[in-house]
1. Return the residue satisfying two criteria in turn: it lies in segment 51-92 and is outside any strand (DSSP E or B) and small (G, A, S), and of such residues it is surrounded by the most Cβ atoms within 10 Å (Cβ to Cβ).
2. Is there any pair with a first residue in segment 112-137 that is within 15 Å of Y225 (Cα to Cα) and touching a residue at least 60 places away in the same chain (Cβ under 8 Å) and a second that is among the charged types (D, E, K, R) and part of a strand (DSSP E or B) whose Cβ atoms are under 8 Å apart and which are 6 or more apart or on different chains, and what are they?
3. Could you check, for segment 33-50, whether at least one of its residues is acidic (D, E), in contact (Cβ under 8 Å) with a residue 60 or more places away in the chain and either buried (at least 20 other Cβ atoms within 10 Å of the Cβ) or at negative phi (or both)?
4. Answer yes or no: is there a residue in segment 139-155 that is part of a helix (DSSP H, G or I), under 19 Å from the mean Cα position of the chain (by Cα) and closer than 20 Å to M203 by Cα.
5. Being crowded, with 16+ Cβ neighbours inside 10 Å and in the same structural domain as A133 (by TED's automatic domain parsing) is true for just one of S205, S212, S183, S230. Which residue is that?
6. Being over 30 Å from Y145 (Cα atoms) and part of a loop (DSSP other than H, G, I, E, B), is that true of even one residue in segment 182-202?
7. Looking at Y95, Y100, which is the one that is in a loop (DSSP other than H, G, I, E, B), within 23 Å of T11 (Cβ to Cβ) and not small (G, A, S)?
Amino acid sequence: MLLVIDVGNTTTVFGVFHDKELKGQWHLSTRKDSTSDEIGILMMQLMSAGDIQKEQVTGIIISSVVPSLNCTLRGMSREFFSLEPYFVQAGLEEYIPITYEKPDEVGADRIVNAVAARYLYGTPAIIIDFGTAITFCVLSADGRYLGGCIFPGIQTSASALFKAAEKLVPVKIEESASIIGQSTKEAIQSGFYWGFSAMVEGMVSKIAEQLSGSPKVIATGGFAYLFKHSCPNIHIFDELLTLKGLQIIYKDKVT
């Protein structure tokens with residue numbers, strides 16, 4: 001079995017594949033001060049609840065955008081699984097042709113998503129990842145990674161707003177039926193929901209103008225589900241895109 005770990009700025013998602021079948025996935029809060037023991041014990045407990053034992057894991061691949069945790073994750077892999085993990089590193093390995101000015105600056109998660117999108121859905125493609133940041137990644141018709149755009153994420157923006165505006169009380173950001181809010185709570189929800197929806201629709205249209213062919217638009221990430229009804233130009237919602245990409249890269253680069 002293959003243990004795949006995607007370390008994001010806010011959440012760490014890990015899962016276990018048996019061949020191409022995902023046997024289970026779990027979410028942990030990303031904490032930069034976590035120890036290898038803390039991470040390992042939590043993983044053991046969650047995997048055991050899913051009837052997966054550490055002895056069944058024969059490989060580990062990690063995508064991380066939190067470099068300060070890499071040594072901790074390497075130690076956890078060695079201590080709990082007796083395995084050397086493979087880290088996805090743009091610029092050191094070629095997973096996909098990249099035309100970015102500095103390929104090593106592309107986040108590992110963006111590369112993994114691009115590999116998965118190209119392999120599973122074809123090109124040209126636009127991949128939108130709704131996480132701590134909202135990233136747009138663009139693949140050309142011939143499968144090259146062209147670059148993209150980075151925006152503050154929904155929760156990141158909300159936290160900044162509520163911190164800066166003393167009279168605004170934090171509310172849950174969720175789907176809003178009406179654009180015109182009838183209360184401060186509804187106005188905030190509408191602003192975030194329809195504002196981000198309009199941004200996504202507009203950016204997809206602008207990006208598509210610069211591509212040859214009609215791109216597949218793929219959404220992933222923790223907040224992608226919010227936009228299933230408001231962004232008709234998103235064709236595919238795949239919350240497992242990053243984990244699938246890690247499995248694909250491991251099979252191609254390690255085995």
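The values are calculated or read from the model by the stated rules, or taken from the named source; none is laboratory data. Predicted model only: the values in this text are computed from it and were never measured. In this analysis, Cβ positions are derived from the backbone assuming ideal geometry, glycine residues included, and neighbour counts consider all displayed protein chains.
1. Within segment 51-92, the first condition is being outside any strand (DSSP E or B), and the residues that meet it are 51-58, 65-85, 88-89, 91-92.
Pick out the ones that are also small (G, A, S) and you get 68, 75, 77, 82, 91.
Details: S68: 9, G75: 16, S77: 23, S82: 10, G91: 13.
Within segment 51-92, the match that is surrounded by the most Cβ atoms within 10 Å (Cβ to Cβ) is S77.
2. Pairs found: none.
3. If we filter segment 33-50 for residues that are acidic (D, E), which is where we start, we get 33, 37-38.
Filter again for in contact (Cβ under 8 Å) with a residue 60 or more places away in the chain, leaving none.
Within segment 33-50, not a single residue is acidic (D, E), in contact (Cβ under 8 Å) with a residue 60 or more places away in the chain and either buried (at least 20 other Cβ atoms within 10 Å of the Cβ) or at negative phi (or both).
4. In the first step, residues of segment 139-155 are kept if they are part of a helix (DSSP H, G or I); the result is 154-155.
Retained after the next criterion (residues that are under 19 Å from the mean Cα position of the chain (by Cα)): 154-155.
Now restrict to residues that are closer than 20 Å to M203 by Cα: 154-155.
Yes - at least one qualifying residue is present in segment 139-155.
5. Residue meeting the stated conditions: S230.
6. Residues of segment 182-202 that are over 30 Å from Y145 (Cα atoms), as a first pass: 182-191.
Applying the additional criterion that residues be part of a loop (DSSP other than H, G, I, E, B) yields 182-183.
Yes; the residues of segment 182-202 include at least one that is over 30 Å from Y145 (Cα atoms) and part of a loop (DSSP other than H, G, I, E, B).
7. Details: Y100 fails: within 23 Å of T11 (Cβ to Cβ).
Exactly one of Y95, Y100 is in a loop (DSSP other than H, G, I, E, B), within 23 Å of T11 (Cβ to Cβ) and not small (G, A, S), namely Y95.
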